[in-house]
Every structure is written in C-alpha cells, then in structure tokens.
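What follows is calculated from the coordinates using simple rules that are stated; it is not laboratory data. On a predicted model such as this, the values are computed, not experimentally measured, just so you know. Cβ placement follows ideal geometry from the backbone for every residue including glycine, while neighbour counts extend to all protein chains displayed.
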Amino acid sequence: MTQAQTWTGRRLEVEVGAVAHGGHCVARADGRVVFVRHALPGERVVVEVTEDKGGSFCRADAVEVLEPSPDRVAAPCPLAHPGGCGGCDWQHASAEAQRSLKATVVAEQLRRLAGLDLDVEVEALPGGLGDWRTRLRMVVDGKGRAGFRAHRSHKVVPARRCTIAYPDLVEEVAQQHWTRGAELDLTADSMGQMHIVERPQRGRPRTVSGDGVAVERAGGREWRVDAHGFWQVHPEAADLYAEIVAEWAAAPLGGTAWDLYGGAGLFAAVLAEQVGPDGHVLVVESSRGAVADGRDNLRDLPQVRFKAGLVEETTLTGRPDVVVLDPPRKGAGKAVVDAIAACEPSRVIYVACDPAALARDVAGFAAHGYRLERLRAFDAFPMTHHVECIGLLAR
Ligand SMILES: C[S@@+](CC[C@H](N)C(=O)[O-])C[C@H]1O[C@@H](n2cnc3c(N)ncnc32)[C@H](O)[C@@H]1O
C-alpha cells in the first residue's frame, strides 16, 4: 500500500463486531479488519481511521454512534473521547457490560491459546468511582502541566482530575507547574498519605510529597513498602488475592512453597503461615528494593528466604508443594514454565494481569499434565480493558 492509499484520516461507516483483547472491538470494511475504540459490539458507528500501516488491519476511533448498544452510557470522564486520555477504554460501557466484555476476552484467550472452553465470570471489587486506583503515573507536557498520554501517542492530555483514581491524587498535582517532559509517580497509601515523586528526563528524582514509604494492609499484616515500587493498584486487591492464595494453597501443604515474581512477599507471608515455622518459602524477585522491603517486612518469618534476581536466571531445584507465580504482563514464558513443571509441584497458583499471557502459560503447563482446575477473574481496573485472573493448576 502506498502512502496515498492509506486509510488514515478516512471516515467509514461500520457494523461493530466482537470485543478483542486490548480494549477495542473488531469491525470489517472492504475485506479489512478495523480495530475500533470507543465502540461496543453490535453498534453501527462512523469511525475515523487513526493508524493504517497497510496490511490486513487498521485502527480507528468511533466518532459518531448511529445505532447505540443498550450497554452504552455517558462516559463519566470528560477526557474519555477520541484523541483524549488513553488510559481508559470502557468509560462508555456500563459496569456490568465492562465485566462481560472482559469475561469474553478471558474466555476467548483461553479457548484460542490453551484450547479450553470455559464459562468465565469477572467479579466486581468493592468501591466506586474514585476508589479504584491508588497508584498512577502522569506525564508533564511542554507547558509544565501534568496529564496522561493519549492512546498510542506521545501527546500529553492535561488533566485536572482522574475519575478512576483517589480524588486528591490528581487534584493535588494539577495545581502545580512541573518540569517539562518529567514523569510523576503518584501513590495514596492505606493511611491516606500521598507520595508524589517527579522524575525528570535528566537528573535525579525529586520527592514532592510524602516520605516514599507506603503503609499498606493485606493478608492480616501491615506492610511498609516503597511507595513507587510494585503494589496492587486497587485498594482491595492485595488482600483479596492473598485470601485466595491462602485458600488454594491450603492443606495438604508439605514443607516447601515458592513465590515467584514475589514483590515484597505478599503471597510468601501467606505461604509461610501454611508451611509453618519448620517449612521453607522461597521468594524470587528482580527488584532489589522490593526484596529489601520484603526482608524487612517479613523478618518475623525466618522460614521465608528472598532471592534477588530474575526467575528465568534462577536455578529452580527441589520439590515445592505449591508454586505461586505472579509475572509481569508478558507472562512467565516457556522456559520458566518448563523449569517449574520439572520440579513437579502438586499445585501452581497463577496470578495474571494479562489473559493472553495466562492462556499461553496454561497451555505450557498443560503440556506437562497440569489442568486448570479453578479460575477467578476480577475487575480490578474498572474503565480500562485490564482484568486480573487467578488460576489454580494441578495434576
Ligand atoms: C505483578 S508484580 C507481583 C508482585 C507480588 N506478587 C505482589 O502481588 O505484590 C510482578 C513482580 O515481578 C517482578 N519481576 C518482573 N520481571 C521479573 C523477572 N523476570 N524475574 C523476577 N521478578 C520479576 C517485578 O519487579 C514485580 O515485583
């Protein structure tokens, strides 16, 4: 396709088909696939093509809704429009519809990549607008204003508030003038303390608010962790996932468990209770800061040992009873799955923030005889296309 033939900027009328992984729906025009944002399945819309590099597909935004879905609602955020903030994908869908869209995506990924035919339900977490997100990253535009990036773009959309975050977080930074091009990491911890750090493109980060130590509560413990390191962003999520790990890892549990991609050891704390004082829990985590936090927070549990390093570079030996793994979005991958399976744990609890990565790794475990026995999925990131899944694999 030559530059002149590209559809970028063109307007098309399309029938919107199924939801796809990544926060858009699939439509067709002239035999090509069009990935449409700001639309819902079953709608008839006018789209404007935003990206067309030739080939079999292009990307577009719905700019006019001709026949709306009954699931369509007015977006609560004024920045949720084509060209606006790229953070939320489903502001225009009811809460029930968002969960149903995510359930469709999880089921589809498991069907396509793992050959499993499952009914998936995505469960709501407590809370409403303004309760959903305790951690955010903002970026600063050329005029020193804090904002969010537009979808698949470097453009910064200035923001005075964010409908999904703790209200004070964004309102506090919106008052101020920031270093152009800097990133701002914002955290509100369980005590309501704000931690804000500005990271300029050059030079040292500057702490603007708070002491950088977040106090969190989960798994029956109080945690003091790096406010800008990893912690679940939904305020209810860490405690809920720890509860599920406790339930699924429960007896008969022998003396050994692993918490891979363990962060500060949220799940290790739960596993330590279960293996008892004479057992062993190994945490593998790449962030030295998280490992330091973990050692500090779990110093009353000598059965927990932290290893700082990459899971894929760690020699995994022994025979754990349970392995919990909570990898980043790309998943664990074949080499790690093979290495875990070679140690023959009786159960694997897989915490996943990307359903495609989960499905690929579930297929990897299936090749070693592990079945997905339980699956729970949570709408831990309302308004976005993200969904958290926790699976129990056993053989
Ligand atoms: C989704 S977080 C989970 C953390 C922890 N389970 C929790 O819930 O608090 C993933 C963690 O894996 C770590 N990580 C990312 N890639 C890694 C790798 N290749 N090897 C070890 N740890 C890794 C990150 O630093 C992060 O702490």
Around residue 187 (Cβ within 12 Å, Cβ-to-Cβ, excluding residue 187; K/R +1, D/E -1) the net charge comes to -4
Taking 191-204, 133-146 and ranking on average Cβ neighbours within 10 Å, highest first, one gets 133-146, 191-204
Under the 7 Å Cα-to-Cβ spin-label approximation, residue 141 and residue 217 lie apart by a distance in nanometres of 4.0
Placing each pseudo-label 7 Å from Cα in the direction of the beta carbon, residue 191 and residue 53 end up separated by a distance in nanometres of 4.7
Percent of all Cα-Cα pairs per 10 Å bin for region 177-260, counting from 0 up to the last occupied bin, reads 15, 36, 25, 15, 6, 1
With region 3-72 reduced to its Cα atoms and the Debye formula applied, log10 I(q)/I(0) at q = 0.15, 0.19, 0.21, 0.22 1/Å amounts to -0.40, -0.64, -0.77, -0.84
Cα-based Rg and Dmax for region 227-328, in Å, come out at 12.6, 37
Expected unfolding gain across residue 149-residue 119 under the 0.36 nm per residue rule, minus the alpha-carbon gap, is 7.3 nm
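Under 12 Å from the Cβ of residue 111, count the other residues' Cβ atoms, weight Lys and Arg +1, Asp and Glu -1, and hand me the total.
Within the 12 Å Cβ shell, the charges total -2.
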As a percent rounded to 5, the proportion of antiparallel DSSP bridges among beta bridges in the chain is 70
What helix-only [θ] at 222 nm does the chain give? Using -39500 (n - 2.57) per DSSP H run of at least 4, over all residues, to the nearest 500, the answer is -6500 deg cm²/dmol
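Students often get this wrong, so check it: of 155/334; 102/155; 307/334; 143/330, which have C-alpha atoms separated by over 32 Å?
Too far apart for the 32 Å limit: 155/334; 143/330.
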The percentage of Cα-Cα pairs in the chain separated by more than 35 Å is 32
A student applying the Cα gyration tensor rule (rounded when a/c is under 1.5; otherwise prolate if a/b is larger than b/c, oblate if not) would label region 135-219 prolate
Longest principal axis of the chain (C-alpha) makes with the long axis of helix 355-366 (C-alpha) an angle, in degrees to the nearest 10, of 40
If one compares the long axis through the Cα atoms of helix 237-249 with the longest principal axis of the Cα atoms of the chain, the angle in degrees, nearest 10, works out at 50
Taking only the alpha carbons of region 275-347, the radius of gyration and the largest Cα-Cα distance, Dmax, both in angstrom, are 12.8, 35
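In region 316-348, what trypsin sites (Lys or Arg not before Pro) fall in a loop by DSSP, with at most 14 other Cβ atoms inside 10 Å?
Hits after loop and neighbour filter: 329, 330.
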In nanometres, the difference between 0.36 nm per residue of separation and the alpha-carbon distance of residue 273 and residue 171 is 32.6 nm
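Less than 10 Å Cβ to Cβ from residue 322, Lys/Arg counted +1 and Asp/Glu -1: what total charge do the surrounding residues give?
Taking every other residue near residue 322 into account, the sum is -1.
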Helix 288-297 sits off the longest principal axis of the Cα atoms of the chain, rounded to the nearest 10 on a 0 to 90 degree scale, by 50
On the formula 1/(1 + (r/R0)^6), with r taken between the Cβ atoms of residue 310 and residue 368 and R0 of 22 Å, the FRET efficiency rounded to 0.05 is 0.55
Share (percent) of C-alpha pair distances in region 151-292 greater than 20 Å works out to 57
